[in-house]
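So the structure is just underneath, and the comments pick up after that.
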Amino acid sequence: MENNNIHLTDRLLKAEDVQDILQLSRSGFYAAIRAGLLPKPIKIGKSARWKASVISSVIAHWGS
């Protein structure tokens with residue numbers, strides 16, 4: 001492999017983790033996704049996950 005700079009440390013977060021980080025209720029969390037304020041999840045089988053780096057970007061964007 002030629003690309004040795006690949007970072008495999010981006011954690012995948014559960015909905016509950018993202019809700020805790022953003023301090024959103026379950027309904028508020030899913031409303032924000034429907035409104036386009038939060039990204040849609042990555043689907044892994046029946047599970048939904050969000051990249052920690054994407055959530056960090058959302059936080060940074062909301063803070064500006």
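The values are calculated or read from the model by the stated rules, or taken from the named source; none is laboratory data. Worth saying up front: this structure is predicted, and the values here are computed from it rather than measured. In this analysis, Cβ positions are derived from the backbone assuming ideal geometry, glycine residues included, and neighbour counts consider all displayed protein chains.
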Self-check item: All positions within the range 43-58 that are under 16 Å from residue 15 (Cβ atoms) and either among the basic types (Lys, Arg) or surrounded by 12 or more Cβ atoms within 10 Å (Cβ to Cβ) (or both)
Solution: 43, 46, 48, 49, 50, 51, 52, 54, 55, 58
Quiz item: Of all helices (runs of 4 or more DSSP H) completely enclosed by the range 4-64, which ones contain at least 3 residues that are at pLDDT below 95?
Solution: 52-63
